[in-house]
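The values are calculated or read from the model by the stated rules, or taken from the named source; none is laboratory data. Here the structure is a predicted model, which is why all the values come from computation and not from measurement. With ideal geometry, Cβ positions are generated from the backbone for all residues, glycine too; neighbour counts draw on all protein chains shown.
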Amino acid sequence: MTLLVENPAGLDHLTPPGHPERVERLEEINEALSAPEFDSLTRMIAPMASESALLLGHPQDYIDHVRARIPESGMAGLDPDTWASPGSWEAALRGVGGCLAAVDAVLAGTHRNAFVATRPPGHHAERDRAMGFCLFSNVAIAARHALEVHGLSRVAVVDFDVHHGNGTQDVLWNEPRALFISSQQIPLYPGTGAASERGGSNNVLNLPLPPGSGGIEMRRVYQAQAFDRLRGWQPELILISAGFDAHVDDPLANLAWTEEDFAWLTRSLCDIADEVCAGRVVSTLEGGYDLPALAASVAVHVTELKERGA
Ligand SMILES: [Zn+2]
């Protein structure tokens, strides 16, 4: 079975007019996943994460800083790109909590895999710094939850968002039980993600992709560098930071992936999960800013998960 974790509170996280990371992203995804072919998904509303869960990724003073910046009305900037509105605290905590609940369900065996449809995204949030539309490092916290709370020995995070997952990398840099694999367009925001960044214990693999490259180059790079590394790690759980802004139609980047490329990559990661960890995959939404491309890409991604979860 495949679990769909929904975060309606994500609709109350507001950003200024014209901001690409907007409420309509989640509305479009919810609409796409309400199609009859997704009726077989188990659905749950993301619960609030506890503060102790946030501490798996961030120090207390950063958590206090974010909470203090949440405005009582209007919007407040956490950095030039990253905004908070009165609903952002609940949206962000339910985003983290949704990831943790998905990990709990997949490790309990009630579901083979899961997708967490949430905003704000998380992979740019560093240990002590909000940036890139992200408040808390959702997927890195989920990885550490699997290690610390469930006692796993090894987890892997694969981030195929077009931007480098600098926040996830920062949180997991000194976590030798977590392998972080991230593909990204280089050069592009946030400027990190070179192949020379390898983690505190050679536990990070960065896969730079040149502007203009498409699915052929992506498949070549993943097949040559990522898949054997992932298999060899023997993770007990694979987490995916699923950003869909490498799509050819996306306005924030210059890669040329199609829905079929996202389907291929999802299938390939599920194949490896089948081999090494009984199919256990937890995928969480990150970016994706062309609304039709985002909705279509999420639909093919969840379709692949659903077919594996059946
Ligand atoms: Zn992105």
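Tabulated values for the structure
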quantity	calculated
Near pairs, Cβ below 7 angstrom, 6+ apart or cross-chain, from the range 265-292 (assigned to a strand (DSSP E or B)) to any residue that is of a type in the set (S, T, N, Q) and within 16 Å of the ligand (Cβ to nearest atom)	THR284/THR118; THR284/ASN138; THR284/SER241; LEU285/THR118
Check on ILE181, aliphatic (A, V, I, L, M), modelled with pLDDT of 95 or more, within 14 Å of the ligand (Cβ to nearest atom) and within 25 Å of LEU56 (Cα to Cα)	no
Cβ pairs under 6 Å, 6+ apart, first in the range 216-227 and in contact (Cβ under 8 Å) with a residue 24 or more places away in the chain, second of a type in the set (Val, Ile, Thr)	ALA226/ILE181
Residue identified as in a strand (DSSP E or B), closer than 20 Å to ASP261 by Cα, over 16 Å from the mean Cα position of the chain (by Cα) and not acidic (Asp, Glu) among LEU230, LEU207	LEU207
Residue list for the range 228-249, filter: within 16 Å of the ligand (Cβ to nearest atom) and crowded, with 24+ Cβ neighbours inside 10 Å	ILE240, SER241, ALA242, GLY243, PHE244, ASP245, ALA246, HIS247
Residue count for the range 2-45, restricted to those that are on the phi > 0 side of the Ramachandran plot and in contact with a helix residue (DSSP H, G or I) (Cβ under 8 Å, 6 or more places away or on another chain)	0
Pair list, Cβ < 7 Å and 6+ apart or interchain, from the range 103-122 residues that are modelled with pLDDT under 95 to residues that are away from the ligand (no atom under 16 Å from the Cβ) and aromatic (Phe, Trp, Tyr)	none
Unmet criterion (only one of (1) at pLDDT below 95; (2) buried (at least 16 other Cβ atoms within 10 Å of the Cβ)) for GLU51	(2)
Any chance GLU28 is assigned to a helix (DSSP H, G or I), surrounded by fewer than 16 Cβ atoms within 10 Å (Cβ to Cβ), at pLDDT 95 or above and out of contact with any Cys (no Cβ under 6 Å at 6 or more places or on another chain)	no
Verdict on GLY122 being in contact with a strand residue (DSSP E or B) (Cβ under 6 Å, 6 or more places away or on another chain) and either hydroxyl-bearing (Ser, Thr, Tyr) or within 13 Å of the ligand (Cβ to nearest atom) (or both)	yes
Filter result for ILE70 (farther than 27 Å from ALA278 by Cα, aliphatic (A, V, I, L, M) and either touching a residue at least 12 places away in the same chain (Cβ under 8 Å) or away from the ligand (no atom under 16 Å from the Cβ) (or both))	yes
Subset of the range 220-260 [farther than 29 Å from GLU21 by Cα and charged (D, E, K, R)]	ARG220, ASP228, ARG229, ARG231, GLU236
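Residue-wise test of (1) modelled with pLDDT under 95; (2) surrounded by 23 or more Cβ atoms within 10 Å (Cβ to Cβ); (3) away from the ligand (no atom under 15 Å from the Cβ).
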{"site": "LEU252", "(1), (2), (3)": "no, no, no"}
{"site": "LEU255", "(1), (2), (3)": "no, yes, no"}
{"site": "ALA263", "(1), (2), (3)": "no, no, yes"}
{"site": "SER268", "(1), (2), (3)": "no, no, yes"}
{"site": "GLU275", "(1), (2), (3)": "no, no, yes"}
{"site": "GLY287", "(1), (2), (3)": "no, yes, no"}
{"site": "ASP290", "(1), (2), (3)": "no, no, no"}
